[in-house]
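No lab work stands behind these numbers, since they all come straight from the coordinates. Being a predicted model, the structure only gives us computed values, none of them experimental. Note that each Cβ is placed from the backbone with ideal geometry, even for glycine, and that neighbours are counted across all protein chains shown.
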């Protein structure tokens, strides 16, 4: 019982830590280094880098219903809604271009398993041993349980493909950050396999999320930063809760919900802080602007 109490305290500690600028806070803005030319995944074909699935009202409607739990968990009706708008697409396109992710394929609510199998075979940046074991299982899972119905935004390192079903720019950028993170790794298959181990996903998710916050901070986009905090903090909280549950109480542990709750609290606090600081900066600059206008 004592260990659970301590763990709950740790899960919530980063809520207050983020407000006082702790340098080791797991989601502190931190850019992922760009991949070297030797490590970057290859451009496998000349097809459009970002592809969009044709509208399928019945299938997409079913996918929307299946995605209701995800919408509730992150408290956003755009999650797994299978209707991705231009804002989300453009945000990811700009991120990909800026970070030189030339070889990644993006599927927006698209089901193309045949092409993904080809990409698995041709993606020589991942060792054959990993591609034809874990990679095979990953593409098989995407084939048998199509995201077009079951949703689940994710990046597959074995095919170097981003699969998106949510119309949330922050989620799109997060998956792009996973692609950026894998691109710089020499042992991509091993790094991907490590994700299956308990607790390890906390590192992968922290790296990707921190890069998104750094990217948006450099673009000086407070509304986008605030939205990212509201979405990505609780998402990270689910990984923290899962990690705690795996270590102390099994995968069905209530600590998953503790982590989610802690993430929502932290995300709202961080979002409010970002918007408040942006409003203060604008208020401070207004008198100067007004005075300069009067002089002119």
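Some notes on this structure:
- For the stretch 103-146 and the stretch 161-188, distance of Cα centres in Å: 15 Å
- Once the C-beta distance of residue 97 and residue 28 is scaled by a Förster radius of 25 Å, the resulting FRET efficiency is 0.50 to the nearest 0.05.
- Relative contact order (percent, whole number), the chain, Cα cutoff 8 Å, 6+ residue spacing: 23 percent
- In this rough spin-label picture, where each label sits 7 Å from Cα along the Cβ direction, the residue 220-residue 38 distance is 3.8 nm.
- Computed on the stretch 36-186, with alpha-carbon pairs under 8 angstrom and 6+ residues apart, the relative contact order is 36 percent.
- Using bins of 5 Å that start at zero, the share of Cα-Cα pairs per bin across the stretch 70-145 amounts to 3, 12, 17, 17, 20, 18, 10, 3, in whole %.
- Residue 132 paired with residue 186, simple spin-label distance in nm, labels 7 Å along Cα-to-beta-carbon: 2.4 nm
- Cα-based Kirkwood hydrodynamic radius, the stretch 36-186, one decimal, Å: 15.5 Å
- Dividing the helix sum by the residues of the chain, where each DSSP H run of 4 or more adds -39500 (n - 2.57), gives a mean residue ellipticity at 222 nm of -20000 deg cm²/dmol.
- Matching label, Rg/Rh (Cα atoms, Kirkwood Rh) computed from the structure shown, candidates [x] 1.08; [y] 1.00; [z] 0.94: [y]
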